[in-house]
1. Using only the alpha-carbon atoms, how far is helix 47-88 inclined from the longest principal axis of the chain? Give it as 0 to 90 degrees, nearest 10.
2. Starting from the Kirkwood Rh over alpha-carbon pairs, what translational D in µm² s⁻¹ does the chain have by Stokes-Einstein at 10 °C and 1.306 mPa s?
3. Assuming 0.36 nm per residue, please report the length gained on full extension of the stretch GLN66 to ASP25 beyond their Cα-Cα distance.
4. Between ARG38 and ILE11, what is the spin-label point distance in nm, taking each point 7 Å from the Cα along the Cα→C-beta axis?
5. Using +1 at the Cβ of each Lys and Arg and -1 at the Cβ of each Asp and Glu in the chain, identify which of ALA146, TYR50, PRO108 lies farthest towards the dipole's positive end.
6. If DNA, RNA and ligands are ignored and the probe is 1.4 Å, what is the ranking of GLU140, GLU113, GLU42, GLU105 by accessible area, most exposed first?
7. Using a 1.4 Å probe, how large is the accessible area of TYR63, given in Å² and rounded to the nearest 10?
8. In whole angstrom, note down how far apart the Cα centers of region 16-40 and region 107-126 are.
Amino acid sequence: MYKQHYKKLCIYTFGLSKDKVLSEDIVQTVFFNLWKNRKKIEISSSLSSYLFKACYNEFIDNYKKQQKNIDYLTEIRISAMDFFIDDSIEITNEHKVTLIKKAIETLPNKCKEVFIMIKIEGLKYKEVADNLKISIKTVEAHMSLALRKIKEQI
């Protein structure tokens, strides 16, 4: 069974993931789970279609885990940037506050809108994305641009 289906499943999962190692890991996991649960699993359709569906589901689970890791890393990166900006804004230093306000005003409209919604209104990235009907990645790109331009000007 392994020899008969392994290569086809790897090609299929590679088409989903575009990562050879990941696709091999997914197929290995599917075969491992099939063996581990062999007494409980009842395959009502063909074995081949079961294996393809299992690989697809494993790919989706893996993708969701990766997204959580990416979201976590993004939050860490954003927190680090927030720390830098928050650290550089001292209330007693009016000159820096003025520079930052001017820098915010020079941002492109959408970029400024995203920055204000997140930093001033305290909205989450997902809330901003939903409100503006844009993707979270676009929100991240606007924030990254805003923070970079603000840093350049202060």
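The values are calculated or read from the model by the stated rules, or taken from the named source; none is laboratory data. Since the model is a prediction, treat every value here as computed from it, not as a measurement. Note that each Cβ is placed from the backbone with ideal geometry, even for glycine, and that neighbours are counted across all protein chains shown. Keep in mind that these areas ignore ligands, DNA and RNA; they rest on the heavy atoms of the full protein, side chains included. Shrake-Rupley method; radii C 1.70, N 1.55, O 1.52, S 1.80 Å.
1. Approximately 20 degrees, to the nearest ten.
2. Rounded, D is 83 µm²/s.
3. Value of the extension gain: 13.3 nm.
4. In this crude spin-label approximation the distance works out to 2.7 nm.
5. My answer, from the dipole projection, is TYR50.
6. These residues rank, largest area first, as GLU42, GLU105, GLU113, GLU140.
7. 110 Å²
8. Cα centroid to Cα centroid, the span is 42 Å.
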